[in-house]
Amino acid sequence: MTHDDAPLLADLMPWSVAPPRLGRRWPTAPDAASLKARWDTLVKAEEPDREALFEPTRSRTPHSAVAQLPGQSSGTGRLARESGPCPDPVRVLFAPFDEQWLIPDHRLIDAARPELWRVADDHQAFAVEQPVPPESSGPALLVSSTLPLTPPHGPRPGRVRPLYRRPGGREPNLAPGLRDHLAERLGHSP
């Protein structure tokens, strides 16, 4: 089999989603403590300082109304009126081989991709397609147990292909019949 004969990843793992896009860098950090300090600074600030600290985009402002992310316990009221504690930060894949902490609040994330948050758990693995220029020898695919993000600056990763379509490791994200075909070829029962 040559490179040209290999099936496309999209043919093997059909469900894919663009990675979440933050729109601002400050909700991520190498440590959770600095995120909590940033949150405290934000919620204690008065208008217009709060808006400047927030860094509004076309998608999000401190006045945006959004639903809670699946599996997270963040607020749903307007961030302009928020006074509560920082939601517990979670680990994310910020860039290839760079895990960071993120404040998992939908109000801070321009394009959160709730469908990925819904399936992110201890059973999940995410295949992340990487743009690889022809002169590069870097990996074309990364696999991470943490939710991958699109960093605010730098190359945008390709699609995210979760290993499972449902939480709890249920319903593999595999093309119909692929699991049985592989089991037959490898001499195992599915």
* **Contacts under 6 angstrom Cβ, first residue in segment 42-60 being within 17 Å of D105 (Cα to Cα) and of a type in the set (A, V, I, L, M, F, W, C), partner open to solvent by less than 70 Å² (accessible area, probe 1.4 Å) and part of a helix (DSSP H, G or I), 6 or more apart** => L53/L42
* To do: Please verify whether segment 107-125 includes one or more residues that are free of Cβ contacts under 8 Å to residues at least 40 places away in the same chain and open to solvent by 70 Å² or more (accessible area, probe 1.4 Å).
  => yes
* **Single residue of segment 135-154 satisfying the filter (open to solvent by 40 Å² or more (accessible area, probe 1.4 Å) and modelled with pLDDT of 65 or more) that is farthest from A112 (Cα to Cα)** => E135
* Do any helices (runs of 4 or more DSSP H) lying entirely in segment 32-119 carry at least 1 residues that are in contact with a strand residue (DSSP E or B) (Cβ under 6 Å, 6 or more places away or on another chain), and which ones are they? -> 32-44, 114-119
* Structure fact -> Only one of L102, L69, L93 is closer than 12 Å to P20 by Cβ and either surrounded by fewer than 14 Cβ atoms within 10 Å (Cβ to Cβ) or touching a residue at least 60 places away in the same chain (Cβ under 8 Å) (or both), namely L102
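The values are calculated or read from the model by the stated rules, or taken from the named source; none is laboratory data. A quick note: this is a predicted structure, and the numbers were derived from the prediction, not measured. Positions of Cβ are backbone-derived with ideal geometry, glycine not excepted, and every protein chain shown enters the neighbour counts. Areas reflect the complete protein model, heavy atoms only, side chains present, ligands, DNA and RNA absent. Shrake-Rupley method; radii C 1.70, N 1.55, O 1.52, S 1.80 Å.
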